[in-house]
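Step one of this worksheet: look at the structure below.
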There are 2 protein chains.
Amino acid sequence: MRATVMYGAGDVRVENVPDPIVKESTDAIVRVTRACICGSDLWPYQSMPHKDGGRRMGHEFIGVVEDVGVDVSGLARGDLVVAPFVWADNTCDFCAEGLQTSCRHGGGWGAPGVDAGQGEAVRVPQAQGTLVKLPVAEDSALMPSLLTLSDVFCTGHHGVVTAGVGPGSSVTVIGDGAVGLCAVLAAKRLGAEQIILNGRHTVRTDLGREFGATDVVPERGDEAVEKIRELTGGDGTHAVIECVGTEPSVATALDAVRAGGRVSRLGVSQYTQVPMDFGTFFRNVTLTGGVAPARAYIEELMPDVLDGTIEPGRVFDRTIGLDETPDGYRAMADREALKVLIEP
Amino acid sequence: MRATVMYGAGDVRVENVPDPIVKESTDAIVRVTRACICGSDLWPYQSMPHKDGGRRMGHEFIGVVEDVGVDVSGLARGDLVVAPFVWADNTCDFCAEGLQTSCRHGGGWGAPGVDAGQGEAVRVPQAQGTLVKLPVAEDSALMPSLLTLSDVFCTGHHGVVTAGVGPGSSVTVIGDGAVGLCAVLAAKRLGAEQIILNGRHTVRTDLGREFGATDVVPERGDEAVEKIRELTGGDGTHAVIECVGTEPSVATALDAVRAGGRVSRLGVSQYTQVPMDFGTFFRNVTLTGGVAPARAYIEELMPDVLDGTIEPGRVFDRTIGLDETPDGYRAMADREALKVLIEP
C-alpha cells in the first residue's frame, strides 16, 4: 500500500510500504477513507533531522474495518470508524480516568512497527478500546467534522474543559490555527460569554468569529495583553487557551489570564520552561492542559456533530489525494492552507 | 506601642511606633494577643536590601477588638478575632469566588501606612470583611492551633484543595517546614491515602508522621523522585504540594507527580521560571496553587480545631515575648525553631 513517510525537515514522501495485517489478537485493520495533516506535523516538517528509513506520519483518520483479531469485540468488517490520535486499551486506570494518552498499553501512531494515518490502511493496536464507530455512510457530508473528533476538535475541547470554561466564562484563545479555532468553537459550545481570539490572519479570525469569537486581537506579546485587559475591565479572562506552543505565547497567556484563572496549554510545547514568577504565584494562576485524550471526548461530542449543532470540519480548507500529501505539508507550512484533508 | 520593624537582611528590631487609631470608617483596632513568624518572613530576613524607615512585619495574628469604625458591623469591643494574612472586603467578585488575596479593596499587612501583626496592636482595614470571631477565651489552650488559621494551616489546606486531594489520593509534600507539615495534616483531613513527606529534618518529619505522613523521603532532586516513584508503583503521586519555593523544588514536584496530576505551589516563589517541557505537556501535568486566600477557609476549618480533630498548632515549638522577636527570626533562620509564636 501507499503511505506518507517523513525523512527529515521538508522531506515528505508517499511511498510503497507493507500492507498491514493482524499481528496481535487485539488488532484491527482499517482501510483509511479520510485523513489529514495536523499543525503538530509541521514541527518535524520544519526541524526534524534526517532519519534513515523515515517516520510514518499521520494520527487522524477515519476508515472502514477490513479485519479484526480474535480478541476484538464490538467491531466487524465494514464498520466505519474514527481513530483518536493515540491508541489505547480504554480499560486501564488512566483510561478510566479519561487520560487515554497515558494508557498503560497504548502508544502513538507512527511509532516503530506501528502504522500511521496518512496512508491507505492502518493496523490499529488495541482496536476495541481505540476505535469508535460512526453511524453514517462512508461518503457522508459530515466526514470533515467527524474527522476532527480524531484530534483537532477534541483538542480544543480539552483546552476549554481543563481551563474550567463554562456558562458565563471569559476566554482568550491564543493562536488562530485549526486548534485555536476549534477551541473557540468548544468554548462557545460550553457557554462562554466572551471569547477573545488572538490572531492576525483575517481569513482565520473571520472563521473564528463565525465559531463564536466575540473579539479579535491581532497584536502579539505585551500589546496583546494590553488589549485583552482593555476588553475585560483590566482583569484578563477567566481562561486562556494557548494554541501556539512557544514560550512567548505561554508568557502572553499567563499575563492575559485573570487572577485565579487557568491557562491551558494545547500547542505542542517547543519550550522547556515557562515564566511562572511571583506575579503568577500571587495571582493564583493555574497552568494546565497538555496533549488531549481525544478518545475520552468522542462519544460526548459526536452527537453535536451528527445533528449539525457544530461544524468543526470547516477548519479544512483544502482537500487532496494521498499522493499530493507532500504539497499539503508545504501548503500548511506556507500558510496557504489552514488544514488539509486527505482522501486516500 | 511596640512593633517589629525589619530594616534589611538580618536586621529586625522591636521599636516604638505610633498607636493605631481608626482612620477609615471600615477600620477596627485590634490589640494583639498572639502573633507569629512565618517561613515567608525568612526570605526578606535573608535577602532584603537596607530600607530607611524599615518595613513593619507580621501577617498572622489573633487579638481583641478595641475600637471599630462606624461602618463596621458584626464586631464589637472585646471580641476575640483572628486575622487572615491579607485584609479584604470579603464582598467583591474576587472575594465571592474565594480569592480574597485578589480583593479589589484589600491589601497586605505592613504595606505603607498599614500596621502588621508582630506588634502590640493593629489598625485593621476592611475589618468587617477581614476579621473572624473566635468563640473561645483569650487564654484558651487552642490559641496556637487557632492562630494557624491566619495563614499556615489555611495555606496547607489551599495546597491540597487546589491539587484536588480527596479520599484515596496519593500526595507528596515537598518541604518539612510548617507549611509542609500543615499540608500533610490538611491532606490527611481530606482523606488522602498515601502521604509522602519529602524532608530530612527528623524532628519535623516525625511530627509529619503524627500528622498523617505514611512515608518519609529524605533525598532531594532526582533521588527523591526515584524514591517517590518506587513508593507509587512507578507512577508518582496524584498531587504534589511544593512547600519550599525554589526552582529545583518545583522541578522535583513536576517530576514526582503522576500523569494527569496536579502540582500545587505554596512556597513563595523565589524563581521566575519553572521547567514545564514536553514531558509535563504529554503527561497533562497541571501546575496550580499560589498565595492562599486564608479568609476563604477559616470558617470551614475552625470547627475541626475547636473540637480537637486537628492540632495544627503543634507546628509551634517556641514561644517568645515581643521583645524577643529578633531572636525568633534568628532561631527560625538557623532551623533551631520550626515556627515561633509571639505573645506580645
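A:P112 is checked against (1) of a type outside the set (V, I, T); (2) under 27 Å from B:A259 (Cβ atoms); (3) touching a residue at least 24 places away in the same chain (Cβ under 8 Å); (4) more than 14 Å from chain B (Cβ to nearest Cβ) and fails just one. What number does that condition carry?
(3)
Taking region B:226-250 on its own, how many of its residues are under 22 Å from the mean Cα position of the chain (by Cα), free of Cβ contacts under 8 Å to residues at least 60 places away in the same chain and buried (at least 24 other Cβ atoms within 10 Å of the Cβ)?
Final tally of qualifying residues: 1.
Condition check ((1) more than 19 Å from A:K188 (Cβ to Cβ); (2) facing chain B (nearest Cβ under 10 Å)) across all residues:
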site	(1), (2)
A:T232	no, no
A:A239	no, no
A:P248	yes, no
A:L266	no, yes
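More than 17 Å from A:V171 (Cβ to Cβ) and in contact (Cβ under 8 Å) with a residue 60 or more places away in the chain: which single residue out of A:A253, A:A296 fits that description?
A:A296
Report the residue count in region B:177-206 for those that are in contact (Cβ under 8 Å) with a residue 60 or more places away in the chain, touching a helix residue (DSSP H, G or I) at 6+ places or on another chain (Cβ under 7 Å) and among the aliphatic types (A, V, I, L, M).
Within region B:177-206, residues that are in contact (Cβ under 8 Å) with a residue 60 or more places away in the chain, touching a helix residue (DSSP H, G or I) at 6+ places or on another chain (Cβ under 7 Å) and among the aliphatic types (A, V, I, L, M) number 5.
Going by what's in this entry, would B:E223 be described as surrounded by fewer than 19 Cβ atoms within 10 Å (Cβ to Cβ) and farther than 19 Å from B:L287 by Cβ?
When the stated conditions are applied, B:E223 passes them.
Need the failing condition index for B:R295 against (1) more than 30 Å from B:N90 (Cβ to Cβ); (2) more than 10 Å from chain A (Cβ to nearest Cβ); (3) surrounded by 24 or more Cβ atoms within 10 Å (Cβ to Cβ), just the number.
All conditions are met except number (1).
Those residues that are buried (at least 20 other Cβ atoms within 10 Å of the Cβ), farther than 20 Å from B:L301 by Cα and among the aliphatic types (A, V, I, L, M), I need them from region B:66-105; list them, please.
B:V68, B:V72, B:L75, listed by residue number.
Determine which single condition A:V274 fails, assuming it passes every other condition in (1) within 30 Å of A:T309 (Cα to Cα); (2) among the aliphatic types (A, V, I, L, M); (3) crowded, with 21+ Cβ neighbours inside 10 Å.
Status for A:V274: all satisfied but (1).
Could you figure out which of (1) out of contact with any strand residue (DSSP E or B) (no Cβ under 9 Å at 6 or more places or on another chain); (2) on the phi > 0 side of the Ramachandran plot; (3) not aromatic (F, W, Y) isn't true of A:G212?
Failed condition: (1).
Among the residues of region A:263-300, which ones are at pLDDT 95 or above, over 21 Å from B:E247 (Cα atoms) and not small (G, A, S)?
Result: A:L266, A:V291, A:P293, A:R295, A:Y297, A:I298, A:E299, A:E300.
Restricting to region B:194-217, count the residues that are under 22 Å from B:R258 (Cβ atoms) and assigned to a loop (DSSP other than H, G, I, E, B).
Residues meeting the conditions: 4.
Any residue in region A:16-27 that is touching a residue at least 60 places away in the same chain (Cβ under 8 Å) and in a strand (DSSP E or B)?
No.
If only one of A:T252, A:T272 is at negative phi and more than 9 Å from chain B (Cβ to nearest Cβ), which one is it?
After applying the criteria, what remains is A:T252.
Of everything in region B:292-335, what is in contact with a His (Cβ under 8 Å, 6 or more places away or on another chain) and not small (G, A, S)? Give them in sequence order.
B:P293, B:Y297, B:L301, B:R335
The values are calculated or read from the model by the stated rules, or taken from the named source; none is laboratory data. Just so you know, these numbers come straight off a predicted model, no measurement behind them. Counting neighbours? That spans all protein chains shown, and the Cβs are built from the backbone with ideal geometry, glycine included.
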